[in-house]
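The structure appears below as C-alpha cells.
Derivation of every value follows stated rules applied to the coordinates shown; laboratory data play no part. Bear in mind that the values here come from a model prediction, so they are computed numbers and not experimental data. Cβ: placed from backbone, ideal geometry, glycine included. Neighbour counts: every protein chain shown.
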Amino acid sequence: MSPSDLVLKWPAPAAAWTEAAPVGNGRLGAMVFGGSHRCRVQINDSTVWSGTPGGPAAALAAVRASGAGPQRLEEARSALRGGDHDRAEALMTTFEGPYSQEYLPYADLYLTVTGGERAAYRGRTLNLDTAVAEDGFALGALDTGTVRRRVWADAVTGTLCTTLDTDGGTVDLSVELSTPLREVHRSAAPSGLALGVEIPVDGAPAHEPQVSEPLRYADGPLDGYEPFGALALALHTNGTVTVHEGNLHVTGASHVLITLSSSTNAARHWRGEDHADRAEHLAVASDIAARAVAQGADRLLAHHVTDVRGLLGGTALRVGPRRSGVHDVALDVLGGDDELLTATVLFQFGRYLLATASRPHAGPPANLQGIWNADLRPAWSSNYTVNINTQMNYWGAEAAGLSACHEPLFDLLDRVAAQGAQVARQLYGARGWVAHHNTDLWGWALPVGMGHGNPSWALWMMGGAWLSQHLWDHYEFTRDLGFLRERAWPLLSGCAEFLLDWLVDDGTGYLDTLPSTSPENLFLVDGTPRSLTWSAAMDMALTRATFERTLKAAELLGLDTPLTDEIRGALPRLRPPRISTQGRLQEWSEDLPEADPHHRHLSHLIAVHPLGLVDPDTTPELADAARKSMDRRGPGAMGWSWAWKTALRARLRDAATARSLMLEASRPLDGDCAVDAPVDGSRWGGLLPNLFSTHPPFQIDGNYGFMAAITEMVLQSHTGTVHLLPALPAQWPDGRATDLRCRGGLAVDFTWADGAPSAVTVRRLAGDGTEPVRVRYGTHECEVRLPVGHQVELDAGLRPRGEAVPC
C-alpha cells in the first residue's frame, strides 16, 4: 500500500451481499465477504448471460409473423393523427417482442478455516487504488499469530486470485467451489478443481409475471450453440492437499495461492470466435489457472498492482484536505459529517467500479449492476437499459481519465447495430439501425414488453441515437481520427439514416417523430394517462445532436455524401425546443400536463446534460426554462435520478442545489434494501453499507453517475472552453484535481483555495496544436496555443506563467 492510496475499511465480515467488497478485471467479478471462519467469494463472469446468439432474430421473426411491420406502423400513425390513442397503443404494442436476456451469477468460492470461528477478526479493507480486498484475523485463542487474506481480479492473467498467509503458525482450511446454475461436470485433484456449467437459454425478468418457466435450460446445443461455461481453480500451498467430496482440504499451511479462470461459449461469441465443446473449455480454463498459479503470489500481485495503477493512477480528485488513508465506511463516509471526504470517496469509488467492470478486450460493458450480481432473477434482468442507465455508466469515463474503459460499450454498439439493422428494415421499413429500451450480450434491438409493456418505456425508438452520442464524446476527448473513421462513422451514419427515415412530414414543413414517447413519463388527455404522441423533446434533442455530429464527423473525415445532403435538408425542419406557458422546458411537442410532475426521469432535459445543446451562455432562455423544469421535478428519488439531477444542476451552474442533491444521495439507505422500492419515487434510495447506490434495488449507474456529476461540478468542457469550478459549492472551498480530461484532447491539473483556482496546468495530449485553448473561471478567461505534447502553467488570474513547454 502506498501512503497516497485511498482505502475503505469495514470492521466486521460482510453479513450480506450488499456489505461485501467488489473486485473485478472487466471479465471476472467477485464480491468478497471476508471472515475468520467461512469466507464467501461470490463470482461473476461478464459473459454469463441467459440466451443464445439466435434469440434476437427468432424474436423478430415472431413479431413480424404477428403482423407488426411498416403497414401497421402507418395505421398506428393515422390513429394518432386522428386522436385515437387507444387504437394507436393497441397497434403499437404488437411490435413488442419478449424480454431481453439476463445477466446471471456464476459461482461461489468458500474458504473455511478450521477453528476460525474462535479467532479475533481484525477487519477488512478495499484499496481503491490497487483493487485489492484484504482482511485478517488472529490465530488461536492466545493470539499467537495472524492470518492475512487478499483477493484481487487480475487483468494481466485473466484470473481471480486469492492468497492466504500466516505470520506464526499454520492453518487448515477447506476450498469449496459451487454454482447456482446447472453443474454438469466436476473434477478434483490436489492441484485444483474444475466445474462444467450449463447456462439457461432463456431467463425472464423478475417483474414479468406471465412466464411459466423463468429460467429455462436446453437439452443439448441450439442451432449449433451450447450455453456452457467452465470454471477452473488452481491451488499452490506449502501445506498438504487432499480431495474430499469433490472439494479440497489443506492442512498445515502457512501460504495458499488460489487462481480461478473461466471459459464460456458466450465469450467466444463476443470475440467473434468459433464455439468450442465442453472438453476444450475445461482444458482452456484449467490451463489459464495453472499458468497463473505457477507465477507465484508475489509476481501476480506486483503485475496486477502495476496494471491497475497504470489505469487508475493518473487521474485524481481531492475535495477538501483528505484523500489518502484508511477510512471507515460506516463512520467516515456514511455516518460522518465530512461531505468533502464523501465527495472525494464517491468520485474515486466510481472510477474504481468502472475500471474493474469495463476493460478493453475483456468482455461486455458494465451492465445495470456492473459485473456483480448474485440473483438468478435480478432486478430488470441486470441488463442494459438504454433510455438512461447504460449511458450513465459511461458519462464520466472520458473526463475521469478512463477513456479505455469506454471501449466495451462500442463493442456492444457493433452488436446492437447488426441486430438493429434488421429491426429497422423489417419493422419500420427504414435504413440504418435502431435500438429501443433494452439490450443484452446478444445485441437485442427489438422493443420488449410481450405485448403488454407500457408504450412509455417499451416503444421508444431512440436507444441507438442516445448510445451513439458516446462515439462522438470519445472522439471529442481523444481527437482520434482513426477511431472516428473506423468505429464511429459506420455507427453514427447508420443511426442518422434510421432517424431520417423515421421522421415524417407533418404537412406544415416540420419533420416529426411519430409515434413518440418521453421515457418513462405519461401525459394526461381528458384526465387519462397517455404515452404516445409526436416529437417529444427528447426525440428532437437526440435527432438534432445525431445529425449535427454526423455532419461534423463527415467534415473531419473529408466526406461529402448523399447522406450529408439529406441531413442538411432535414436539420432546419426539426422542431425547436419549446417553453410552456409556465416558463418550463416542454416535455412533449404540445404543452401537456404530466401524469407525474415529480417523475424520476428527466428525459426532456437531455439537451442540457449530457448533450450540451442547452447552456446558460449559449441559450440562456432555454437554460432558465430547464431550471424551472427541474424545480418542478423536485429533489431526490433514487441513486441514478439523483446523479442525473446533480449533473443537470452543475451544467446550469446551480452549485447550491447540486450540493444539496449530492448530500441527499450519499446518505445511508433508510429501509430494507431487499425490498424493491416502487418506481413512483415515493420511497427514496441511498447508499448501501458497501457504498453501492440503490434504487432500491442496487443499480450501479448511480455510482457511475455520482462520479460524473462531481466532475461536472469542478470542470466542464462541453462548450469548447475549459471551464474551471463552474458549479463549486461554497462549502467546498479547497481541493485539487489531477489529470482530468477535457474535450479537444486536453488534460488539466488545478488546485483551488477559498473557492478559486490557485494554480492551473493545461496539457495537450492530442488534437490540433493550432487550435486555441480557452480557459475560464468566473469572469477570468484566457486563450493559449498548445502544440501536442506541450503544457502551460497559469496563475490564479489565468495568466500564463511562461511559454508552453514539453510535458
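Taking 0.36 nm per residue of separation and subtracting the Cα-Cα distance, full extension of the segment from residue 303 to residue 210 would add 28.6 nm.
Net length available on complete extension from residue 184 to residue 338 is 50.3 nm, with 0.36 nm assigned per residue and the Cα-Cα distance removed.
Where does the charge balance sit around residue 655 when Lys and Arg score +1, Asp and Glu -1, over other residues with C-beta under 14 Å from its C-beta?
With Lys, Arg at +1 and Asp, Glu at -1, the neighbours total +3.
Which net charge results for the neighbourhood of residue 338, defined as the other residues with beta-carbon distances under 9 angstrom from its beta-carbon, given Lys and Arg at +1 and Asp and Glu at -1? Net local charge, residue 338 excluded: -2. Counted by Cβ distance under 12 Å from residue 103, the other residues give a net charge of -3, where Lys and Arg count +1 and Asp and Glu count -1. Modelled spin labels at residue 621 and residue 506, positioned 7 Å past Cα toward Cβ, are 1.8 nm from each other. Here is the list for the stretch 213-312: GluC sites (Glu not before Pro) lying in DSSP coil, each with at most 13 other C-beta atoms within 10 angstrom of its C-beta, are 245, 273. Sort out for me the Cα centre separation of the stretch 443-508 from the stretch 271-312, rounded to whole Å. So the separation of the two Cα centres works out to 35 Å. Here the residues 807, 39, 782, ranked from fewest to most Cβ neighbours within 10 Å of their Cβ, fall in the order 807, 782, 39. Going by neighbour counts of Cβ atoms within 10 Å, the residues 704, 121 line up, fewest first, as 121, 704. For the chain, averaging the sequence separation of C-alpha pairs within contact (under 8 Å, six or more residues apart) and dividing by the residue count gives a relative contact order of 12 percent. Decide, for the chain, between rounded, prolate and oblate: order the square roots of the alpha carbon gyration tensor eigenvalues as a ≥ b ≥ c, take rounded if a/c falls under 1.5, and otherwise choose prolate if a/b is larger than b/c, else oblate. Cα axes put the chain in the oblate bin.
The slack between residue 114 and residue 768, meaning 0.36 nm per residue of separation minus the straight C-alpha distance, is 229.1 nm.
Under the membrane-span-like helix rule (DSSP H runs whose alpha carbons stretch at least 27 Å along the helix axis, mean Kyte-Doolittle hydropathy -0.5 or higher), the chain yields 407-428, 537-557.
Look at where the Cα atoms of the stretch 665-735 and of the stretch 631-657 average out, and the two centres are 9 Å apart. Partner lysines whose Cα lies under 24 Å from the Cα of residue 628, excluding those fewer than 8 positions away in the same chain, are identified as 645.
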